[in-house]
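Colleague: Pasting a structure below so you can have a look.
The values are calculated or read from the model by the stated rules, or taken from the named source; none is laboratory data. It should be emphasised that the depicted structure is a prediction, and the values quoted were computed from it without experimental measurement. Note: ideal-geometry Cβ built from the backbone for every residue, glycine included; neighbour counts use all protein chains shown.
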Amino acid sequence: MELNITPMREWLPDVKKPLIIAGPCSAEHEDQVVNTAKEIHALGKVSVLRAGIWKPRTRPNCFEGIGEIGLEWLATAKKETGMLTTTEVATPEHVELCLKHGVDILWIGARTTVNPFSVQAIADALKGVDIPVLVKNPINPDYQLWLGAMERINLAGITKLGAIHRGFSSAEKSPFRNIPGWSMAIELKRNFPNIPIINDPSHIAGNRDLISYVSQKALDLDLDGLMIETHIQPSVALSDAAQQVTPERLGEILNELKVRETSSDNQEFTDQLAILRKDIDELDEEIVQKLSTRMKIAKKIGEFKRDNEVTILQMSRWEEIVEKRVSLGKAMGLDEKFTKELYQRIHSESIKMQEELMK
Ligand code: PEP
Ligand code: MN
């Protein structure tokens, strides 16, 4: 379906890209919220204060959020700093309480986005309400589920809509707590250029040391903002202690980030870029033509195999191809993993085509 989106510059007119959202994982006590807010605000770069009020914890008997009173602390922090506020809602009751206490922006958490019943219940509670809603990606890398949640919220009449990329949970060993799915974020941007995408480096990284790296990557991919968990005293935080940064560290991270332009007025740069892009276009045309020729030959081989009753997959031949191509690529300055993955993809396409012939 088409989404009806109000561009972010209309609902956050004073915010210069990238939008920075910062604040503690959880609101714990009033001083923690208000003092964190004041220090964050003093950096001059943060527009929105975040704090979780109801916390979806993996195991019971952990701190599950301070509840409604925390919304009053958010309101106090807003009064003292002028920053907008945002928190996570997972039920219609959360929505109602946030509206009662004047929260400015709502977000739907990754554990809620996975469940269409929960998202629909929130959407129903939002009918007739005019408030921006940010939808985190589901914990599993399912683009349709992410999009479906945004569609449900949009169908309820919310047009001030944004997405948050917070990475995907995986059994794979990785330096990240949640593996980033940059290609899915880019796909979303390509299909819905009006939906702002905020990156959440804190939940992707899972530890404070990787936050600056992930944030820069998000900006280099032209995402629209960052949500960074920031706590006045991260070491004693009641949730996500390892990934929260102090307001001071947040300041350093934000100062070091390079915000690159997507275009430039410099004529020489524009001319050079046009020439290089033309070269790329020509090379891509050649690559596609060669791939098409390669597939035609693979098809012919498939026909031979079929007519002579030979199996499609000949492991030794395949291993030889990968080995030779990877070492050729390496000699020509290509990354080994890249060449290997590329050939695995080409090979699986050839196999698929040859299987069709056997039917
Ligand atoms: C959070 O933002 O603190 C949170 C619980 O995030 P997520 O839904 O991405 O796990
Ligand atoms: Mn958190």
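Colleague: If only one of Leu238, Leu210, Leu250 is more than 30 Å from Ile158 (Cα to Cα) and more than 20 Å from the chain's Cα centre (by Cα), which one is it?
Modeller: Just one listed residue meets the conditions, Leu238.
Colleague: Sticking with this structure for a sec: Among Thr113, Thr6, Thr58, which is the only one that is more than 16 Å from ligand 2 (Cβ to nearest atom) and either surrounded by fewer than 22 Cβ atoms within 10 Å (Cβ to Cβ) or more than 30 Å from Glu256 (Cβ to Cβ) (or both)?
Modeller: Exactly one of Thr113, Thr6, Thr58 is more than 16 Å from ligand 2 (Cβ to nearest atom) and either surrounded by fewer than 22 Cβ atoms within 10 Å (Cβ to Cβ) or more than 30 Å from Glu256 (Cβ to Cβ) (or both), namely Thr6.
Colleague: Within the stretch 103-129, which residues are outside any helix (DSSP H, G or I) and more than 26 Å from Ile69 (Cβ to Cβ)?
Modeller: The answer is Val114, Asn115, Lys127, Gly128.
Colleague: Here's a check for you: in the stretch 87-102, which residue that is outside any helix (DSSP H, G or I) and surrounded by fewer than 23 Cβ atoms within 10 Å (Cβ to Cβ) is farthest from ligand 2 (Cβ to nearest atom)?
Modeller: Among residues in the stretch 87-102 that are outside any helix (DSSP H, G or I) and surrounded by fewer than 23 Cβ atoms within 10 Å (Cβ to Cβ), the one farthest from ligand 2 (Cβ to nearest atom) is Gly102.
Colleague: If I go through the stretch 29-47 residue by residue, how many of them are in a helix (DSSP H, G or I) and closer than 21 Å to His203 by Cα?
Modeller: Counting residues in the stretch 29-47 that are in a helix (DSSP H, G or I) and closer than 21 Å to His203 by Cα gives 5.
Colleague: Report whether or not Arg177 is away from ligand 1 (no atom under 16 Å from the Cβ) and assigned by TED's automatic domain parsing to the domain that holds Thr36.
Modeller: It is false that Arg177 is away from ligand 1 (no atom under 16 Å from the Cβ) and assigned by TED's automatic domain parsing to the domain that holds Thr36.
So that you can scan it fast, the table gives a plain yes or no per residue for (1) outside the structural domain of Asn194 (by TED's automatic domain parsing); (2) under 25 Å from the mean Cα position of the chain (by Cα); (3) surrounded by 24 or more Cβ atoms within 10 Å (Cβ to Cβ):
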{"site": "Pro13", "(1), (2), (3)": "no, yes, no"}
{"site": "Ala22", "(1), (2), (3)": "no, yes, yes"}
{"site": "His29", "(1), (2), (3)": "no, no, no"}
{"site": "Val33", "(1), (2), (3)": "no, no, yes"}
{"site": "Ala37", "(1), (2), (3)": "no, yes, yes"}
{"site": "Lys45", "(1), (2), (3)": "no, yes, no"}
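Colleague: Of everything in the stretch 3-28, what is within 22 Å of His203 (Cα to Cα), part of a loop (DSSP other than H, G, I, E, B) and either more than 16 Å from ligand 1 (Cβ to nearest atom) or among the aliphatic types (A, V, I, L, M) (or both)? Give them in sequence order.
Modeller: Those that are within 22 Å of His203 (Cα to Cα), part of a loop (DSSP other than H, G, I, E, B) and either more than 16 Å from ligand 1 (Cβ to nearest atom) or among the aliphatic types (A, V, I, L, M) (or both): Lys17, Pro18, Ala27.
Colleague: Is at least one residue of the stretch 254-261 without any contact (Cβ under 8 Å) to a residue 60 or more places away in the chain and within 16 Å of ligand 2 (Cβ to nearest atom)?
Modeller: no
Colleague: When residues of the stretch 82-140 are filtered for being among the β-branched types (Val, Ile, Thr), within 12 Å of ligand 1 (Cβ to nearest atom) and within 12 Å of Pro56 (Cβ to Cβ), how many remain?
Modeller: Qualifying residue count for the region: 6.
Colleague: A further question follows. Could you tell me how many of the residues in the stretch 242-273 are small (Gly, Ala, Ser) and part of a helix (DSSP H, G or I)?
Modeller: Count: 2.
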